[in-house]
Ligand code: FES
Ligand SMILES: [Fe+2]
Ligand SMILES: [Zn+2]
């Protein structure tokens, strides 16, 4: 049985990736063709021609106005995936239609609905507003991960690994040492994992971006909306500086770290990442630093998970694991994902 | 607390223990998260008379 959670929205791309060039990405095992109409809307349809299955993203396939022309024998499709022309004859077979996908463009992401399209309208699209919001500056990227989706869920729900895998970047001893609080909102289907460090070393990622030189109060509040969207609400302040009673928090630095976890195949994942901040908004140096540094951190995870995937794939199903306190959130996420299946 | 169905697990600071609280108000402690979630998800049968269990703490209704 497929491991994919269907009837859900997934991030397929950044809006900036989709233009007047044919673009292909596989989501939950489905090869999807994306392009932008002349009016600017994103169209999404199967990337396999109904005639002989030539990939429509493959040259010499091309866009002609708001149609796609297959590069093999010229079947032509409109933005809804309907075939509007075939070579040499006027009759178009009734079944000549590409599967099309519901698409939503939100917060800089292109979301695609995988499953029965009748369910798309009633299924929540989770938000990451900081990626495209006044008062915030964001950097972002995507790294291909040659590991199954569930390994990335485990990785992101347990940040104690920062201490070991990302030492010298975002990890300090306090991350692994600090107890977590895990909350599951059963109705919303959201896992929260919060780790609040009252007095911690400031890792280079935050020292260089904020300019704080001493120790910090560091809050990491995870909010995971399965299957796809993971938010890390990160608050950094000089040690002892807390928000006011009214919620105002002018002396802290806020960073929203966003991940979209999109299964590509059963054994590979699109690892979308973004870092939004509410300080140094116009400072290109800070943007460049955070982009480069976060990408490095993501690639450290990618390297580790790629190795782990190879090990696990070679083992029989039902391999042994041992969970300890740090895994409380990861186990909660696994259960919510299983409920969605 | 809101009236939402929220399950919470606190890693008790200074200890290795986890304390779980069901949305019904029942609480229990466990030494590892697998046992903790097993207990929480057993609602409403936390155990036959969980309200008499020594670790049960009655919460005021939200
Ligand atoms: S495969 Fe596309 S037209 Fe023949
Ligand atoms: Fe990591
Ligand atoms: Zn209960």
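Counting just the residues of segment A:77-92 that are under 16 Å from residue A:37 (Cα atoms) and not in a strand (DSSP E or B), which one comes out farthest from ligand 2 (Cβ to nearest atom)? Taking the candidates together, the pick is A:78.
Of the residues making up segment A:133-154, those that are closer than 30 Å to residue B:16 by Cβ and either assigned to a strand (DSSP E or B) or within 16 Å of ligand 3 (Cβ to nearest atom) (or both) number 0.
Looking at segment A:77-88, is at least one residue more than 18 Å from the chain's Cα centre (by Cα) and under 22 Å from residue A:269 (Cα atoms)? No, the conditions are met nowhere in segment A:77-88. Beta carbons closer than 6 Å, at least 6 apart along the sequence or on distinct chains, never pair a first residue in segment B:11-33 that is free of Cβ contacts under 8 Å to residues at least 12 places away in the same chain and facing another protein chain (nearest Cβ under 8 Å) with a second that is part of a strand (DSSP E or B) and within 16 Å of ligand 2 (Cβ to nearest atom). Within segment A:114-127, residues that are in the same structural domain as residue A:101 (by TED's automatic domain parsing) reach no partner that is in a helix (DSSP H, G or I) and surrounded by 18 or more Cβ atoms within 10 Å (Cβ to Cβ) with beta carbons closer than 9 Å at six or more positions or on different chains.
This table checks each residue for (1) within 16 Å of ligand 2 (Cβ to nearest atom); (2) in contact with a strand residue (DSSP E or B) (Cβ under 9 Å, 6 or more places away or on another chain).
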{"site": "A:147", "(1), (2)": "yes, yes"}
{"site": "A:156", "(1), (2)": "yes, yes"}
{"site": "A:164", "(1), (2)": "yes, yes"}
{"site": "A:167", "(1), (2)": "yes, no"}
{"site": "A:172", "(1), (2)": "yes, yes"}
{"site": "A:197", "(1), (2)": "no, yes"}
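Contact annotation: residue pairs with Cβ atoms under 8 Å, 6 or more positions apart or on different chains, pairing a residue in segment A:295-321 that is assigned to a loop (DSSP other than H, G, I, E, B) with a partner that is at pLDDT 95 or above, are A:319/A:312.
Does segment A:138-151 contain at least one residue that is surrounded by fewer than 17 Cβ atoms within 10 Å (Cβ to Cβ), assigned by TED's automatic domain parsing to the domain that holds residue A:16 and in contact (Cβ under 8 Å) with a residue 40 or more places away in the chain? No. Kindly evaluate residue A:59 against the criterion of being assigned to a loop (DSSP other than H, G, I, E, B) and within 14 Å of ligand 1 (Cβ to nearest atom). Criteria met by residue A:59.
The values are calculated or read from the model by the stated rules, or taken from the named source; none is laboratory data. Not measured: the values here are computed from a predicted model. With ideal geometry, Cβ positions are generated from the backbone for all residues, glycine too; neighbour counts draw on all protein chains shown.
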